[in-house]
Structures are given as structure tokens and as C-alpha cells.
Amino acid sequence: MKTEIINIGDELLIGQVINTNATWMAMEMDGSGFPVQRVTILADNREEILRALSEGETRSDIVLITGGLGPTKDDITKESLCHHFHTKLKFDQASFDNVARIFGERGFPVTELNRKQAEIPEGSVALLNKYGTAPGMWFERTSASASGVRVIISLPGVPYEMKNLLRTEVIPRLIQKFRPLPTVHRTILTQGIGESFLSDMIEEWEKHLPSPLHLAYLPQPGIVRLRLSGSGPDKDHLQKLIEKETEKLYHLIPEYIFGEGEETLEQIVGKLLAEKKCTLSTAESCTGGYISHLITRIPGSSAYYKGSLIAYSNDIKIAELGVSEKVLADHGAVSEAVVTEMAMGARKRFGTEYAIATSGIAGPDGGTPEKPVGTTWIAIATPAGNHAFHYLMGDDRERNIRKTALQSLNLLRKAVNNGE
């Protein structure tokens, strides 16, 4: 079963909008048994859209299209679909009733321009969009493929509208029509080791995976996701195989695994602190408040997170965290001694059981032969004592900040888990 995605919009090609739709759609489709083989991004250009539709139909059973369904003149997807399917627009009453409902709830009259959004190509099935005025459209025609049918689906480009339609209308219909083989995924989350080093460590385990299973490496700054997947007629058998292989993986790299699925380090750390009724504070220099940002993204974090002090200058380190002037003069701000005093100062100032402190040279400037760009110190102050860790993160500022924050949270997770 071959699936591809076509995302339409000038804003995607000029970098004005990040194409998050493709990522989300691919994950949802893959998890439902329809792995995506190709993603194409197009301008709002009739010839390009027609070419992509023709090529997509020759190689894929399912073609998903997003974008270009608005009421303005530059939204030309419906016109292009009419040309591709040799048909014309027709008025769809159910789609119009949906448009009228939305405008009525907002206290606005339906204009002629908005009324036109209830027009869909003849031969298509309208997918009512409860969150917007542009309906989705479902096209089918027979093909010489194994399934005997080809499906083309056009969806609005607004993410929350597209997501609702894909989950509630598109995927259920596709499952009913194609009956894909069950697919099982399990994603293991690792931190503190690069992709190549991780691959070396688990090479033998990966080589001996049972034939229905395969492993994918999904790296991002500071984290590597390991996705174990399998497809086949017996879902229970697949789940048992994946469970057995996951247990082996936990025995191989226990020090690097911090969670599974869509969990984040900040969520896991928050749960641990809440369960143990412990509190946390942070003293950030090179991360500039990013650790605090991650922690406070989690609803309910006020139960365990007391606050942060961004001690970017040495004066603030001294005045607000009690860092010794002599220690700063002797060792420099980016040092074990200073970051340890920062963590101790934060723990004392905020009255928390735990504290994280960071100090480093994020870049791109400021490095020396002794302390190159990427040099980072992280300290964790705990009820049992203080621990400091040295890293060389790299030469990219944004990546360094992200990696340092994640490394800090993982070090804290280990400390709390170990009862330190």
C-alpha cells in the first residue's frame, strides 16, 4: 500500500511557515498501517499541482493533499482538481449548512465568497470540516493496482482543521476500504549518547531482530528515538515480539533510556518530583531560561517548580547566588567550582530539595584553546550532596542550549530516581 502527501502553499516554499502538516500526517498514517513513501511541497501553481496529481496517481494508492482550499483567488486546489478529474464544481448543501453554522456561531453573515466554499467537484464526497469552512474532498477511481482502487483526498491546510478531518474522517474510511495489515510501533527514548555510538552499542541486538521487526533511528539535538516496528496479520504476536526485544534493549543500554513514546524529559522529571513530593529550582547561565521554559510548559509544574534565576553576568552570580569572587577569579565562570556554587546558591535561595545550574560557552564566539565553544558545566544540587558534569556540546549555539537543557533534566532524573 503506497501513500504520498502533497502539501500546497507558497508560504511553505519561502520558509514563512514550517511544514508541520507533513510530519504529523506521516506519523498518523504510518501508525494506521499506511506508511508514507513520498512528500511533495508545491507552490500555488496550477501546472505544478496538475503535474503532481498525475505523477502521484501513477505511483501511489493513496494521495493526500493539503492547502489551497480557501476563499481567495490564490487558492486554486479545487479548480485544479476539477481539471484533473475532468469535472466541474457543484453546490453541496451539507457543506453550505456547515459554513452557515460556523458563521452563525460567530455572529457573521455568509458572504457570496464564503458560499462558494460549499462548492466541490462533481464526483467527490464532501468531508465536513467542523472547525472550518473548507470541506475536505474524497475522490476514488479504479486502478490496475493490487487494491483495484486509487483514493485522492484533499484537505484544508490549517493544521487543526486538517488533523480533525484526518483522524475522524479520512483514516477510518481508509481502514474500512483497504483493510491494512496491523502495524505495531514502540518508541524508546534515549539521551546522553549520539546516534553513531548508540548504533555501535546495540549492533548485535539489531542484527538479530526477528524478521517481522525493524528498527529506525530518529535523532534530534540531545535525544535519539529508537522506533521498533512490525507489520503482519497477527497483532498479538507482533506485540509479544516487540515486548521481548524491548526488554533486551533495556538490559543493553539502561543508563541511556529515559522513557517511551511521546513522553518528554520535562514530563518525566515532573512526575518524579511530584511523586516524591520534592521541589526544584534552577540557576541558568548559558541556557538563558530554556530549562525553566521546558519545565513550566507542563501543566501543574507549580506544584514542584519554585523558580529560576538567570545569572548571565558574574555580578549576578555573586550577588544573587552567593558565588565566591575568588572562585570566579581563580576558575572562571565556566568551571566546576562556579557551577557547583550556583546550584548550591539556587537550592538555598529557593528552599528546594533539588537545583540545576548551567554555565557554558554556547557560541559561536567566546571560546579559547582551554575552553572551546561548546564547553559546558552542569551541576545538580541534591539533599545528599552536589554533582558536577563536564561536556563538550559542539559549535552550534541553538543546539548547545537545547542539548544542555536536556542533559540537565536527565541528570536530575537519575539523581531523583537514585534517591540522591
Go through segment 85-101 and give me each residue that's surrounded by 18 or more Cβ atoms within 10 Å (Cβ to Cβ) and either of a type in the set (S, T, N, Q) or free of Cβ contacts under 8 Å to residues at least 40 places away in the same chain (or both).
Ser95, Phe96, Asn98, Val99
Exception for Phe178 within (1) within 21 Å of Ile62 (Cα to Cα); (2) without any contact (Cβ under 8 Å) to a residue 60 or more places away in the chain falls at (2)
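Matching residues to (1) farther than 21 Å from Asn129 by Cβ; (2) hydroxyl-bearing (Ser, Thr, Tyr); (3) in a loop (DSSP other than H, G, I, E, B):
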site	(1), (2), (3)
Leu12	no, no, no
Asn21	no, no, no
Met29	no, no, no
Ile41	yes, no, no
Ile49	no, no, no
Thr72	no, yes, yes
Picked from segment 170-224 (must be assigned to a helix (DSSP H, G or I) and within 22 Å of Glu398 (Cα to Cα)), the residue nearest to the chain's Cα centre (by Cα) is Glu195
Identify, by number, the condition in (1) surrounded by 22 or more Cβ atoms within 10 Å (Cβ to Cβ); (2) over 14 Å from Tyr354 (Cα atoms); (3) among the polar types (S, T, N, Q) that Ser308 doesn't meet.
(2)
The lone exception for Leu81 - which of (1) touching a strand residue (DSSP E or B) at 6+ places or on another chain (Cβ under 8 Å); (2) outside any helix (DSSP H, G or I); (3) more than 18 Å from Lys2 (Cβ to Cβ) it fails:
(2)
Residues that are out of contact with any His (no Cβ under 9 Å at 6 or more places or on another chain) and surrounded by fewer than 15 Cβ atoms within 10 Å (Cβ to Cβ), at least 1 per element: which strands (runs of 3 or more DSSP E) completely within segment 326-420 meet that?
385-392
Quick check: anything in segment 168-175 over 23 Å from Glu79 (Cα atoms), in the same structural domain as Ser95 (by TED's automatic domain parsing) and touching a Lys or Arg at 6+ places or on another chain (Cβ under 8 Å)?
no
Of all residues in segment 265-321, which are at positive phi, free of Cβ contacts under 8 Å to residues at least 40 places away in the same chain and either in contact with a Phe, Trp or Tyr (Cβ under 9 Å, 6 or more places away or on another chain) or aliphatic (A, V, I, L, M) (or both)?
Lys277
Given the residues Gly104, Gly56, which is the only one that is out of contact with any Leu (no Cβ under 6 Å at 6 or more places or on another chain), farther than 29 Å from Asn19 by Cα and either acidic (Asp, Glu) or assigned by TED's automatic domain parsing to the domain that holds Leu13 (or both)?
Gly104
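The values are calculated or read from the model by the stated rules, or taken from the named source; none is laboratory data. Treat the numbers as computed from the prediction; the structure is a model and nothing was measured. Virtual Cβ from ideal backbone geometry, glycine too; neighbours counted across all protein chains shown.
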